[in-house]
Amino acid sequence: MPRIAPVSDEKAGPPDLVAAIRARRGGTLLTLDRMLLHSPGLAKGWNAHLGAVRNDLKINARLRELAICAVAVLNGAGYEFAMHGPIYVKEGGTEAALKALRSVDAALADRALFNDDERAILEFATELTRRVTVSDATFARARTAIGGDQAGDQAIVELIGVIATYNMVSRFLVALGIESEKPGT
């Protein structure tokens, strides 16, 4: 159960900010958005940042969602996993892989469900989330997995940005007790 009440439709504002959030979300406000609206300044920056991370990056969408799901599991953010798991599958991940991701450590060892590139992304997300520091070997494997030198520095910067962003999101969700989109849960 959330630790504070989400902002109601009647109290949500300012109107231009609410409209911008609704536009990014396809017309709706999620519980996460309603919590952010307690601070319009934070909500405005969050909306712009997450809009860019979700819509303006070149990183492979399946690998992006794989990293996001891993961060969600590593940080105990069930809401984040529930929101991004279906996107991972839509972008080419399998239901079996999604189920296996509920244990990132086990997924890292599963060569049947996760190829070398996917395991490199999982390892990168794990090190960045748990230790902040990423080993040179893990960095090199992840860089190769997302396109290596062909993608230039942009791909690895975007991967780091995605993982850092969703660590922020998961910490916000967990700290506020946001667990579901169902009212009262």
Taking the Cα centre of segment 87-165 as origin, work out the dipole magnitude from +1 charges on Lys and Arg Cβ and -1 charges on Asp and Glu Cβ, in debye rounded to 20. 280 debye
Once you place label points 7 Å from the Cα toward the Cβ at K99 and V157, how far apart are they in nm? 4.1 nm
Please determine, in degrees from 0 to 90 and to the nearest 10, the orientation of helix 78-90 with respect to the longest principal axis defined by the Cα atoms of the chain, where the helix direction is its Cα long axis. 60 degrees
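Report, to two decimal places, the Cα Rg of segment 82-176 normalised by 2.2 N^0.38 Å (N = number of residues).
Working: Rg = 13.5 Å, N = 95, 2.2 N^0.38 = 12.4 Å.
Compactness ratio reported: 1.09.
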Please sort 97-105, 159-167, 62-70, 75-83 by packing, taking for each peptide the average over its residues of neighbouring beta carbons within 10 angstrom, highest first. 62-70, 159-167, 75-83, 97-105
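With an 8 Å cut-off on Cα pairs and a minimum separation of 6 or more residues, tell me the relative contact order of segment 61-176 in percent. All intermediate terms of the calculation are to be shown ahead of the outcome.
Working: 134 pairs, mean separation 39.3, N = 116.
Here the relative contact order equals 34 percent.
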Under the Kirkwood approximation applied to all pairs of distinct alpha-carbon atoms, what is the hydrodynamic radius of the chain in Å? 17.1 Å
Give me T133, T144, T31 ranked fewest to most by other Cβ atoms within 10 Å of their Cβ, as a rough exposure proxy. T133, T144, T31
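What size of dipole, in debye to the nearest 20, comes out for segment 50-90 about its Cα centre when the only charges are +1 on Lys and Arg C-beta atoms and -1 on Asp and Glu C-beta atoms? Kindly include the intermediate steps, with their values, before the conclusion.
Numbers: 5 positive and 3 negative charges, 32 e Å.
Charge dipole, segment 50-90, about its Cα centre: 160 debye, nearest 20.
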Length added when fully stretched, E179-R131, from 0.36 nm per residue minus Cα-Cα: 14.8 nm
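Please list the equivalent ellipsoid semi-axes of segment 15-55, computed as the square roots of five times the alpha-carbon gyration tensor eigenvalues, in descending order and whole angstrom.
Listed largest to smallest, the semi-axes of segment 15-55 are 14, 12, 9 Å.
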As a check on your grasp of the helix formula, calculate [θ] at 222 nm for the chain: sum -39500 (n - 2.57) over DSSP H runs of n ≥ 4, divide by the residue count, round to the nearest 500. -20500 deg cm²/dmol
The aspartates and glutamates whose Cα lies under 20 Å from the Cα of K99, excluding any fewer than 8 residues away in the same chain, are E65, E80, E91, D110, D116, D117, E118, E123, E179
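Since every read-out is calculated from the coordinates, none of them should be taken as a lab result. If you're wondering where the values come from, they're calculated on a predicted model, not measured in any experiment. Glycine also receives a Cβ, built like all others from the backbone with ideal geometry; neighbour counts cover every protein chain displayed.
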